[in-house]
Amino acid sequence: MLPELQLAILDLNARYAQTIDDGRLEDWPEFFTETARYVVTTAENFERGLPLGIIYATSRAMLRDRVRSLREANVYEAQRYRHMVSLPLVELGPDGAARATTSFMVVRVMHSGETSVFASGRYRDHIISDANGGALRFAERIVVLDSRRVDTLLALPL
């Protein structure tokens, strides 16, 4: 079961990254359960057990609101991301849900063409199978950034 689950989580991560990289942000919240938690934090804060993050959402509705504000209200320089993700390290919990840790690196490409490493870190995920069709969704995704220095242009989801 574990190799199949690891492959399914690898596919989930690839589709997640491609959705963001293609600019299909309206589709991004669908990777999460209705009551999912999405947090972006630093490694230092994560290791100290500090609960709040740079970005903190506790539902799919909050993620939809974030996308709406990105599209309609926020003003930020045109940019796009390119994600690179590692193979996930997967463990099964006693409840049958999966816990996965996946390293990532995000390259940011500005409208001018300037390209730089924007973020690196790891995803700490709690993944469950959706009751409607069995699709995997994030019940929790904690984005743990390697650096405590975060660019103020953290607009798009990681």
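Just need a number here: residues in segment 73-92 that are among the hydrophobic types (A, V, I, L, M, F, W, C) and in a strand (DSSP E or B). Walk me through it before giving the result.
Our first condition is that a residue be among the hydrophobic types (A, V, I, L, M, F, W, C); within segment 73-92, this holds for 73, 75, 78, 84-85, 87, 89-90, 92.
Remaining after also requiring in a strand (DSSP E or B): 84-85, 89-90, 92.
Residues that pass the stated criteria total 5.
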Exercise. Tell me, yes or no, whether segment 118-132 has at least one residue that is β-branched (Val, Ile, Thr), touching a strand residue (DSSP E or B) at 6+ places or on another chain (Cβ under 8 Å) and surrounded by 14 or more Cβ atoms within 10 Å (Cβ to Cβ).
Key: yes
Practice problem: Please work out which one of (1) outside any loop (DSSP other than H, G, I, E, B); (2) in contact (Cβ under 8 Å) with a residue 12 or more places away in the chain is the condition SER69 fails and give its number. | Solution: (2)
Exercise. Identify the residue in segment 48-76 that is of a type in the set (Gly, Ala, Ser) and over 23 Å from ALA97 (Cβ atoms) and, among all such residues, is surrounded by the fewest Cβ atoms within 10 Å (Cβ to Cβ).
Key: ALA73
Quiz item: Tally time: how many residues in segment 19-36 are in contact with a His (Cβ under 8 Å, 6 or more places away or on another chain) and either free of Cβ contacts under 8 Å to residues at least 60 places away in the same chain or not aliphatic (A, V, I, L, M) (or both)?
Solution: 1
Quiz item: Assuming GLU34 fulfils every condition listed in (1) modelled with pLDDT of 95 or more; (2) in a helix (DSSP H, G or I) apart from one, which condition is it?
Solution: (2)
Quiz prompt | segment 18-47: number of residues that are buried (at least 20 other Cβ atoms within 10 Å of the Cβ) and of a type in the set (A, V, I, L, M) | solution = 4
Quiz item: Can you find a residue in segment 94-110 that is farther than 19 Å from ILE20 by Cα, of a type outside the set (Asp, Glu), buried (at least 19 other Cβ atoms within 10 Å of the Cβ) and in contact with a His (Cβ under 8 Å, 6 or more places away or on another chain)?
Solution: yes
Practice problem: Can you give me the ranges of the strands (runs of 3 or more DSSP E) entirely in segment 93-158 with at least 2 residues that are closer than 20 Å to ALA57 by Cα and among the acidic types (Asp, Glu)? | Solution: none
Quiz item: Which numbered condition trips up THR115, out of (1) of a type in the set (Ser, Thr, Tyr); (2) under 15 Å from THR33 (Cα atoms); (3) over 17 Å from the mean Cα position of the chain (by Cα)?
Solution: (2)
Quiz item: Name the pairs: first residue in segment 37-55 and small (Gly, Ala, Ser), second residue part of a loop (DSSP other than H, G, I, E, B), Cβ to Cβ under 6 Å, at least 6 apart or on different chains?
Solution: ALA43/ASP146
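The values are calculated or read from the model by the stated rules, or taken from the named source; none is laboratory data. This structure is a prediction, so every number in the text was calculated from the model and none was measured. Cβ: placed from backbone, ideal geometry, glycine included. Neighbour counts: every protein chain shown.
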